[in-house]
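Peer 1: I'd like to ask you about the structure that follows.
The values are calculated or read from the model by the stated rules, or taken from the named source; none is laboratory data. Being a predicted model, the structure only gives us computed values, none of them experimental. Neighbour counts run over all protein chains shown; Cβ positions are idealised from the backbone, glycine included. The protein model used for the area step is the full one, side chains on, heavy atoms only, and it has no ligands, DNA or RNA in it. Shrake-Rupley method; radii C 1.70, N 1.55, O 1.52, S 1.80 Å.
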Amino acid sequence: MKTGDSSSKLLQVVVDTPKGSPIKFKYDVAKHCYTIAHVLPPGMVFPFDFGSVPQTLADDGDPLDALILLEAPTFAGCLVPVRLIGVLQAKQTQRGKTMRNDRLIGVAEESRTYREIYRLEDVPDHLLRSIELFFVAYNEQRGRRFRVIGRFGLTRARSLVRAGERRFRGATRNS
């Protein structure tokens with residue numbers, strides 16, 4: 001599966017956890033299916049579909065993470081063409097080790113509510129703050145510290161995708 005569609009400049013994102021879900025799902029490569037990774041505390045749910053970008057690797061060894069602005073939830077395994085708009089760059093600390101764990105942000109190609117959003121700056125500040133707070137609280141529940149170190153636009157987001165693609169190609173050549 002390709003990371004994106006070069007003719008339309010859309011990024012392909014596979015949904016791992018749908019909007020509104022109190023359960024974090026993760027794809028188990030060995031078992032070829034989704035499994036429950038974590039159950040959120042009562043009242044806490046994912047604010048938007050959350051997924052990963054195929055054929056990329058982030059610093060943590062997993063595919064790049066992406067949050068999809070879309071008014072309704074899809075389902076685990078759904079491939080969503082996304083217009084990338086920016087990234088929340090973040091550091092995550094667990095068991096004394098700190099690493100980058102960024103969150104790409106994009107708008108689903110078929111979204112009606114968010115179709116006028118083309119830049120991260122177009123997202124209302126209160127919505128971006130609530131997304132950041134969700135990830136901080138979600139990680140805190142897991143015994144990890146999550147700290148957003150910056151909000152960046154499309155240029156930085158695309159650069160992270162290209163770096164993730166290079167890491168993936170390097171890992172597949174070495175295996």
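Peer 1: Limited to region 63-83, what total is found for residues that are open to solvent by 20 Å² or more (accessible area, probe 1.4 Å) and over 11 Å from the mean Cα position of the chain (by Cα)?
Peer 2: Filtering region 63-83 down to residues open to solvent by 20 Å² or more (accessible area, probe 1.4 Å) leaves 63, 65, 70-79, 81, 83.
In the following step, the residues that additionally are over 11 Å from the mean Cα position of the chain (by Cα) were identified as 70-79, 81, 83.
Of the residues in region 63-83, 12 are open to solvent by 20 Å² or more (accessible area, probe 1.4 Å) and over 11 Å from the mean Cα position of the chain (by Cα).
Peer 1: Another question, if that's okay. Which one of the conditions (1) closer than 22 Å to Leu128 by Cβ; (2) part of a strand (DSSP E or B); (3) of a type in the set (S, T, N, Q) does Thr98 fail to meet, given that it meets all the rest?
Peer 2: (1)
Peer 1: Something else about it: Could you tell me how many of the residues in region 6-54 are of a type in the set (S, T, N, Q), open to solvent by 40 Å² or more (accessible area, probe 1.4 Å) and either part of a strand (DSSP E or B) or modelled with pLDDT of 95 or more (or both)?
Peer 2: The number of residues fulfilling the criteria is 1.
Peer 1: Now, a different point. With the structure loaded, tell me whether Gln94 is modelled with pLDDT under 95 and within 25 Å of Val45 (Cβ to Cβ) or whether it fails that test.
Peer 2: Numbers: modelled with pLDDT under 95: yes; within 25 Å of Val45 (Cβ to Cβ): yes.
When the stated conditions are applied, Gln94 passes them.
Peer 1: Follow-up. If we scan region 122-131, do we find a residue that is open to solvent by 40 Å² or more (accessible area, probe 1.4 Å) and either at positive phi or touching a strand residue (DSSP E or B) at 6+ places or on another chain (Cβ under 7 Å) (or both)? Quick ask: steps written out before the conclusion?
Peer 2: Quick first cut of region 122-131, residues open to solvent by 40 Å² or more (accessible area, probe 1.4 Å) only: 122, 124-126, 129-130.
Going one step further and asking which of them are either at positive phi or touching a strand residue (DSSP E or B) at 6+ places or on another chain (Cβ under 7 Å) (or both), we end up with none.
No, there is no match, as no residue in region 122-131 is open to solvent by 40 Å² or more (accessible area, probe 1.4 Å) and either at positive phi or touching a strand residue (DSSP E or B) at 6+ places or on another chain (Cβ under 7 Å) (or both).
Peer 1: Those residues that are small (Gly, Ala, Ser) and closer than 17 Å to Arg158 by Cα, I need them from region 58-103; list them, please. Working first, answer last.
Peer 2: Looking only at region 58-103, we keep the residues that are small (Gly, Ala, Ser), and these are 58, 61, 66, 72, 76-77, 86, 90, 96.
Selection gives Ala58, Ala66, Gly86, Ala90.
Peer 1: Related question: Restricted to region 152-175, and to residues that are at pLDDT 90 or above and either among the β-branched types (Val, Ile, Thr) or in a loop (DSSP other than H, G, I, E, B) (or both), which residue is nearest to the chain's Cα centre (by Cα)?
Peer 2: Top of the filtered list is Val161.
Peer 1: Let me ask something additional. If Ser111 satisfies all but one of (1) buried (at least 16 other Cβ atoms within 10 Å of the Cβ); (2) part of a helix (DSSP H, G or I); (3) more than 16 Å from the chain's Cα centre (by Cα), what's the number of the condition it fails?
Peer 2: Every listed condition holds for Ser111 apart from (2).
Peer 1: Now for a separate question. Phe152: under 24 Å from Thr56 (Cα atoms), in contact (Cβ under 8 Å) with a residue 40 or more places away in the chain and open to solvent by 20 Å² or more (accessible area, probe 1.4 Å), yes or no?
Peer 2: Spelling it out, Phe152 is indeed under 24 Å from Thr56 (Cα atoms), in contact (Cβ under 8 Å) with a residue 40 or more places away in the chain and open to solvent by 20 Å² or more (accessible area, probe 1.4 Å).
Peer 1: Against the conditions (1) farther than 20 Å from Arg169 by Cβ; (2) part of a loop (DSSP other than H, G, I, E, B); (3) not acidic (Asp, Glu), where does Leu57 fall short? Just the number, please.
Peer 2: (1)
Peer 1: Also: Please give the number of the condition Leu79 fails out of (1) free of Cβ contacts under 8 Å to residues at least 12 places away in the same chain; (2) farther than 25 Å from Phe146 by Cα.
Peer 2: Result: Leu79 passes all but (1).
Peer 1: Condition test on Tyr118, is it of a type in the set (Phe, Trp, Tyr) and either more than 15 Å from Leu104 (Cα to Cα) or open to solvent by less than 50 Å² (accessible area, probe 1.4 Å) (or both)? Outline the logic, then answer.
Peer 2: Numbers: of a type in the set (Phe, Trp, Tyr): yes; either more than 15 Å from Leu104 (Cα to Cα) or open to solvent by less than 50 Å² (accessible area, probe 1.4 Å) (or both): no.
No, not satisfied.
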